[in-house]
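These notes are about the structure you will find just below.
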Amino acid sequence: LINKVNTLNIKNIIPEIFGENIIRGKGLLCRSVMKAQAASPAFTHVFAAMVAVINTKIPEIGDLLLTRIIINWRRAFKRNDKQMCSTLAKFLAHLTNQKVVDDNLTLEMLTLLLDKPTDDSVEVAVTMVKEVGATLNEVSSLGLHAIFERFRAILHEGDLDKRTQYMIEDLFLVRKSKFAAHQPITEDLDLVEESEQITHEISLHDQALDAMKKLDFFHVDPEFQKNEDMYEQVRKEILGDDSDAEVDEEDEEDEEDEAEAERQQEIHDMSEATKTQLRRTLY
């Protein structure tokens, strides 16, 4: 289901996801979302919108996903893994746009990236600011201003490659246009009402974060049926009782069966008429 989601079908995919016990499988869900986003960064805004909806109903899933993203990003940063840093930074930027996570996390990441600037770290920071700049400009204009002042200082130092300096100059032009070409949320992905948003406050430097990797593996649940019944109640609260839909579906199936029976009867009658005509011809 995760790999199928796109802008056109997201409203249909999300109910199907809730149809599965994603409280029991939250570890697998988070792992699937992260793998899908890493494989298709161009769809990051779609994955973030999907997570935003799930987060409003089951916040512990949003919290677990953010924890795993931060842990993986810190590991990639230490290893100088530019590709992974950029991919996860983009994901966090869009989760910030969707207000799944507080903007302080984004500012902490940008500060760290620009503290000891290299060509790679600055490039990751530029990419991230383009994605989340419009949101930061709205909710934390002073924080964004401080980040751009750091960019300006790096530009004046002139220690980086010319290509990286051009990227910073281009970023200032993007800011001057008020991020017009980088809107935080498109209309078809604005799926969560402001009153229903749940925003997590989590720090990049929190060493107590637990990825809970044990959730990715099967464990025997001695109270399996009880927990399944409990999730069924949660599912009904989220999606509503679909008994009426099932009745309608059964009625449609009955109508199709009756139509099929009539069609078969018509075919049978035509066969008899053919036989009669053949006998008249022969005799």
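For this structure, a couple of remarks:
- Put Asp63, Asp102 in order of accessible area, highest first, and with a 1.4 Å probe you get Asp63, Asp102.
- Net charge contributed by nearby residues that have their C-beta within less than 14 Å of Tyr231 (K/R +1, D/E -1): -2
- Loop-located trypsin sites (Lys or Arg not before Pro) across the stretch 1-98 with a Cβ neighbour count of 12 or fewer within 10 Å are Arg79, with loop assigned by DSSP.
- In plain terms, the chain from Lys162 to Glu201 could stretch by 10.3 nm, reckoned as 0.36 nm per residue minus the Cα-Cα distance.
- The residues of the stretch 119-212 present an accessible area of 59 Å² per residue when probed at 1.4 Å with all protein chains retained.
- Residue order by solvent-accessible surface for Tyr166, Tyr231 is Tyr166, Tyr231, largest first, with ligands and nucleic acids left out and a 1.4 Å probe.
- Per principal axis, descending, Cα span of the stretch 181-223 in whole Å: 48, 31, 23
- Here the stretch 135-237 exposes an accessible surface that is 51 percent carbon and sulfur, computed with a 1.4 Å probe and the other protein chains kept in place.
- A simple spin-label model places the labels of Ala180 and Leu112 3.5 nm from each other, with each point 7 Å out along Cα-to-Cβ.
- Heavy-atom accessible surface of Phe18, to the nearest 10 Å², is about 10 Å², with a 1.4 Å probe and all protein chains retained.
- Counting charges near Arg31 (Lys, Arg +1; Asp, Glu -1) among other residues having Cβ under 11 Å from its Cβ returns a value of +3.
- Applying 1/(1 + (r/R0)^6) with R0 = 25 Å to the Cβ-Cβ distance of Asn227 and Ala39 gives a FRET efficiency near 0.20.
- Of the solvent-accessible surface of the stretch 1-120, computed with a 1.4 Å probe over protein heavy atoms with every protein chain present, carbon and sulfur atoms account for 50 percent.
- Calculated diffusion of the stretch 94-249, Stokes-Einstein form, Kirkwood radius summed over Cα pairs, 10 °C and 1.306 mPa s, µm²/s: 83 µm²/s
- Inter-label distance, nm, simple model (7 Å from Cα along the C-beta direction), Glu20/Glu187: 3.3 nm
- Per DSSP, loop trypsin sites (Lys or Arg not before Pro) in the stretch 91-188 with at most 16 further Cβ within 10 Å: Lys178
- Global dimensions of the stretch 4-76 from alpha-carbon coordinates: Rg and Dmax equal 11.9, 35 Å.
- Heavy-atom accessible area order for Glu123, Glu149, Glu108, Glu193, largest first, 1.4 Å probe: Glu193, Glu149, Glu108, Glu123
The values are calculated or read from the model by the stated rules, or taken from the named source; none is laboratory data. A quick note: this is a predicted structure, and the numbers were derived from the prediction, not measured. Don't worry about glycine lacking a Cβ; one is built from the backbone with ideal geometry, like all the others, and counts go over all protein chains shown. Side chains included, ligands, DNA and RNA excluded: accessible areas come from the protein's heavy atoms. Shrake-Rupley method; radii C 1.70, N 1.55, O 1.52, S 1.80 Å.
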